[in-house]
Amino acid sequence: MAQRVAVSDGANKKATRVRVAVRLRPFIGQPGEDDDGPCVRGLDSQNLEIVNWRNATETVKYHFDAFYGEKTTQQEVFLSSVKPILPHVLNGQNASVFAYGPTGAGKTHTMLGSSEQPGVIPRAVRAVLDLVSAKDGDEGWDYSIDMSYLEIYNERVLDLLSPNSQDLPIREDKDKNIFIPGLTHISISSFSDFDNHFVPASLNRTTASTKLNQRSSRSHAVLLIKVVRTQRALRQRQQTGKLYLIDLAGSEDNRRTGNQGIRLKESGAINLSLFTLSKVVDSLNSGTATRVPYRDSKLTRLLQDSLGGSAHSVMITNIAPEYRYYFDTFSALNFAAKSKLVVNKPFTRETVAAPVLPVCLRSEAIQRRPRGS
Ligand code: ADP
Ligand code: MG
């Protein structure tokens, strides 16, 4: 049994920024909806603009680390935002990739995808397995990979690999590593090992229908891939790198989803974690915060050692082009962006609603668009 030695990797310990990418999914019009066209569009690989509902003669422009337009493939998203951070996980560093955005905007497509268009999760798991098998035998280290899969639902931590489990606690060890006592870890050495556990566990996710989306996801799904490497020398050293791959709950404003009772309670809890996440990302990216409020929610507490610090993090904000998503898109962009610029030019003359309407009526018109599944 290897003696556990805390190893400093010599990396710069100052808080690192969270890289922020925005992905706009293709227009999926509903009958009668397509006349409006999109309300948001990309300008180049880092900038996009959205209609300014307050003033139709203006657009609002945003700048991000990356902008992925509707034609961007799953492979392109993976190669530019996720693949570069994976080698760090084999060196005992932590990383997190999370998909943010309103329900229906493409979070699950981005993270999970489909068999024809696999997303970040299957691609990252394959890539980590490939990196480890390329290393094996090299450099005097032995590698092992394991997976855990949990959801945070109503501020409770539930083990998706052990469906009858109770709410699990989140703890911190003396080296400031965050861990969950009792969480299932399954050793994986091939992609089919992973898939055999991941697919049935995904079905345990709590989903409930809301007016927004029949399969609206009300919980944060957190996949943890842990790479442990042990040095084969006399005095064995061990390093652990953690990769979190997270499909966040929908960021939509529950005042417009018709949520009541239990659903409203869920939305409140979801908003606590998302609200805290926004504060954490904001304080990391502004670089001015003296205290990053990780402890204020389960999600950020869990990510405390894997978001900021010397960890490598990417947030992919998913947005939808249709007008019925307008306010959710606007608030998702404002969460993601540090800066925005109001530009004095109409979005396009054809698609901007007649500017004679008073602002309140126009905002009502946008808000009242039917939002089906
Ligand atoms: P969310 O998980 O954010 O609620 P989904 O990933 O379920 O959203 O996406 C909603 C719908 O849009 C799904 O039918 C999905 O397949 C489709 N979709 C999302 N993003 C894309 C994309 N980039 N290309 C093609 N279809 C997409
Ligand atoms: Mg989803």
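For the structure I just gave you, tell me whether Tyr62 is of a type outside the set (Asp, Glu) and within 16 Å of ligand 1 (Cβ to nearest atom). Write out each step before concluding.
On the way: of a type outside the set (Asp, Glu): yes; within 16 Å of ligand 1 (Cβ to nearest atom): no.
Judged against the criteria, Tyr62 is not a match.
Take the residues in the stretch 54-98 that are outside any helix (DSSP H, G or I), out of contact with any helix residue (DSSP H, G or I) (no Cβ under 6 Å at 6 or more places or on another chain) and of a type in the set (A, V, I, L, M, F, W, C); name whichever of them is surrounded by the fewest Cβ atoms within 10 Å (Cβ to Cβ). By that ranking, first place goes to Ala66.
Report whether or not Glu151 is of a type in the set (Asp, Glu) and not in a loop (DSSP other than H, G, I, E, B).
On the way: of a type in the set (Asp, Glu): yes; not in a loop (DSSP other than H, G, I, E, B): yes.
In short, yes.
Every test in (1) modelled with pLDDT of 95 or more; (2) more than 16 Å from ligand 1 (Cβ to nearest atom); (3) within 14 Å of Tyr149 (Cβ to Cβ) is passed by Leu223 save one, and that test is (2). Do we find that Val97 is aliphatic (A, V, I, L, M), more than 15 Å from Ile145 (Cα to Cα) and away from ligand 2 (no atom under 12 Å from the Cβ) in this structure? Answer is yes for this residue. Checking the stated criteria, Lys107 turns out to be within 15 Å of ligand 2 (Cβ to nearest atom) and not hydroxyl-bearing (Ser, Thr, Tyr). Residue under question is Pro102, and the condition is that it be under 23 Å from Val199 (Cβ atoms) and within 16 Å of ligand 2 (Cβ to nearest atom); does it hold? The answer is no for Pro102. The single condition among (1) over 23 Å from Phe327 (Cβ atoms); (2) modelled with pLDDT under 80 that Ser217 does not satisfy is (1).
Which residue out of Val22, Val5, Val40 is away from ligand 1 (no atom under 16 Å from the Cβ) and either exposed (fewer than 15 other Cβ atoms within 10 Å of the Cβ) or modelled with pLDDT of 90 or more (or both)?
Numbers: Val22 fails: away from ligand 1 (no atom under 16 Å from the Cβ); Val40 fails: away from ligand 1 (no atom under 16 Å from the Cβ).
The unique qualifying residue is Val5.
Report whether or not Tyr153 is crowded, with 16+ Cβ neighbours inside 10 Å, in contact (Cβ under 8 Å) with a residue 60 or more places away in the chain, within 16 Å of ligand 1 (Cβ to nearest atom) and aromatic (Phe, Trp, Tyr). When the stated conditions are applied, Tyr153 passes them. Restricting Val82, Val120 to residues that are under 30 Å from Gln231 (Cβ atoms) and either within 16 Å of ligand 2 (Cβ to nearest atom) or within 19 Å of the chain's Cα centre (by Cα) (or both) narrows the list to Val82. Checked across the stretch 127-149, the condition of being within 16 Å of ligand 1 (Cβ to nearest atom), modelled with pLDDT of 95 or more and either more than 22 Å from the chain's Cα centre (by Cα) or buried (at least 23 other Cβ atoms within 10 Å of the Cβ) (or both) holds for no residue.
Restricting attention to the stretch 99-124, report how many residues are assigned to a loop (DSSP other than H, G, I, E, B) and either in contact (Cβ under 8 Å) with a residue 12 or more places away in the chain or on the phi > 0 side of the Ramachandran plot (or both).
Start the filter on the stretch 99-124 by keeping residues that are assigned to a loop (DSSP other than H, G, I, E, B), which leaves 101-106, 112, 114-117, 119.
Retained after the next criterion (residues that are either in contact (Cβ under 8 Å) with a residue 12 or more places away in the chain or on the phi > 0 side of the Ramachandran plot (or both)): 101-106, 112, 117, 119.
Within the stretch 99-124, residues that are assigned to a loop (DSSP other than H, G, I, E, B) and either in contact (Cβ under 8 Å) with a residue 12 or more places away in the chain or on the phi > 0 side of the Ramachandran plot (or both) number 9.
The values are calculated or read from the model by the stated rules, or taken from the named source; none is laboratory data. Note that the structure is a prediction, hence the values are computed from the model and not measured. In this analysis, Cβ positions are derived from the backbone assuming ideal geometry, glycine residues included, and neighbour counts consider all displayed protein chains.
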